[in-house]
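Questions regarding the structure given below will be posed in turn.
The values are calculated or read from the model by the stated rules, or taken from the named source; none is laboratory data. Quick caveat, the model's predicted, so the values are computed rather than measured. Cβ sites come from the backbone with ideal geometry, for glycine too, and all protein chains shown count toward neighbours.
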Amino acid sequence: MYKLLIIEDDVMMSDMLSMYMSGEGYDIKQAENGEQGLKLLEQFGPDVVLLDLMLPDWDGIELCGRMRQHSSVPIMIVSMKSEVSERVQALRAGADDYLCKPFSMHELSARVEALIRRSRLMQAAAAESRTAEAADTAAEKEIKLDSERRLLLVRGNFVETTFSEFEIMKLFLTHPGKVFSREDLINAIRGFDSFVTDRAIDVHIVNLRRKVEKNPKEPHFIRTVWGVGYKYVIEDESAPQ
């Protein structure tokens, strides 16, 4: 159940909004002034705020800005003020939507749903981004290239490599998640006139796993893509291969 905070000093309007949105399945809290609204914002943790601009103790625009400093909750202004300048000020203060009174309850409900949907998508995207950043940071700490000395830094320790091993790891680290065929890896090592064989690539992979994996028999970073080739991963995509 989503939570809705109504900050409205007109008791009749507030009760009407509360009654309708409760019928739509929302958990409702009502505040008659700005101070009450700020307290409920922290205590109640709403998914959406409906905010009137004309309150007895706060200017609605200033209150909107104050709320935005402390919370990313979607804020919809509901106001008798219909001037463009008022809407612009409210949006610049951090409001996400603006609905002029009188309005249709059906439209209000649809807009609240849209705000929640957008908020959830943004939260999911932010969480995914944080996960990816954490994975990138973790992988970076695990394995890095020292191009000047052509060495691998594996969990804080320098590891020597052959020319071919270094070039393969450079390709892997530059394109995490990309699947490389044996032919791709051959070309990366010697070029298109290569005399290196598929079997030689498999040997290089075995040697690299010994150098970078905690358990070479159950590789985490250098994965086999059966029937295709190999890829380098920085997350737990599946069971070790």
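Going by the structure shown, is ASP15 part of a loop (DSSP other than H, G, I, E, B), closer than 17 Å to VAL78 by Cα, of a type in the set (Asp, Glu) and in the same structural domain as ALA95 (by TED's automatic domain parsing)? Don't jump to the end; show me each part of the working.
Numbers: part of a loop (DSSP other than H, G, I, E, B): no; closer than 17 Å to VAL78 by Cα: yes; of a type in the set (Asp, Glu): yes; in the same structural domain as ALA95 (by TED's automatic domain parsing): yes.
No; evaluated as a whole, the condition is false for this residue.
Which residues, counting only those in region 165-179, are in contact (Cβ under 8 Å) with a residue 40 or more places away in the chain and closer than 14 Å to VAL154 by Cβ?
If the condition is that a residue be in contact (Cβ under 8 Å) with a residue 40 or more places away in the chain and closer than 14 Å to VAL154 by Cβ, then GLU165, MET169, PHE172, LEU173 are the ones that fit.
Run GLU237 past the list (1) modelled with pLDDT under 90; (2) surrounded by 19 or more Cβ atoms within 10 Å (Cβ to Cβ) and report the number of the one that doesn't hold.
The number of the failed condition is (2).
Another question about this same structure. Looking only at region 18-42, count every residue that is in a helix (DSSP H, G or I) and either in contact (Cβ under 8 Å) with a residue 60 or more places away in the chain or touching a Pro at 6+ places or on another chain (Cβ under 9 Å) (or both) and tell me the total. Walk me through it before giving the result.
So in region 18-42, the residues in a helix (DSSP H, G or I) come out as 18-23, 34-42.
Remaining after also requiring either in contact (Cβ under 8 Å) with a residue 60 or more places away in the chain or touching a Pro at 6+ places or on another chain (Cβ under 9 Å) (or both): 20-21, 34, 40.
Final tally of qualifying residues: 4.
Those residues that are touching a strand residue (DSSP E or B) at 6+ places or on another chain (Cβ under 8 Å) and surrounded by 13 or more Cβ atoms within 10 Å (Cβ to Cβ), I need them from region 139-164; list them, please.
Once the filter is applied, which keeps residues that are touching a strand residue (DSSP E or B) at 6+ places or on another chain (Cβ under 8 Å) and surrounded by 13 or more Cβ atoms within 10 Å (Cβ to Cβ), region 139-164 yields GLU142, ILE143, LYS144, LEU145, LEU151, LEU152, LEU153, VAL154, VAL159, THR161.
For region 67-93: of the residues being small (Gly, Ala, Ser) and surrounded by 17 or more Cβ atoms within 10 Å (Cβ to Cβ), which is farthest from GLU42 (Cα to Cα)? Before the answer, list the steps.
We begin by selecting, within region 67-93, every residue small (Gly, Ala, Ser); these are 71-72, 79, 82, 85, 90, 93.
Checking which are surrounded by 17 or more Cβ atoms within 10 Å (Cβ to Cβ) leaves us with 79, 90, 93.
On the way: SER79: 23, ALA90: 21, ALA93: 19 Å.
Taking the candidates together, the pick is SER79.
Just checking, which of PRO56, PRO46 is without any contact (Cβ under 8 Å) to a residue 60 or more places away in the chain, in the same structural domain as ALA110 (by TED's automatic domain parsing) and out of contact with any strand residue (DSSP E or B) (no Cβ under 9 Å at 6 or more places or on another chain)? Explain how you work it out, then say what you get.
Details: PRO46 fails: out of contact with any strand residue (DSSP E or B) (no Cβ under 9 Å at 6 or more places or on another chain).
Just one listed residue meets the conditions, PRO56.
Name every residue in region 165-195 that is modelled with pLDDT under 85 and either surrounded by fewer than 17 Cβ atoms within 10 Å (Cβ to Cβ) or touching a Ser or Thr at 6+ places or on another chain (Cβ under 7 Å) (or both), in order of residue number. Lay out the reasoning, then the answer.
As a first pass, look at region 165-195 and keep what is modelled with pLDDT under 85: 187-195.
Of everything in region 165-195, those that are modelled with pLDDT under 85 and either surrounded by fewer than 17 Cβ atoms within 10 Å (Cβ to Cβ) or touching a Ser or Thr at 6+ places or on another chain (Cβ under 7 Å) (or both) turn out to be ASN187, ILE189, ARG190, GLY191, PHE192, ASP193, SER194, PHE195.
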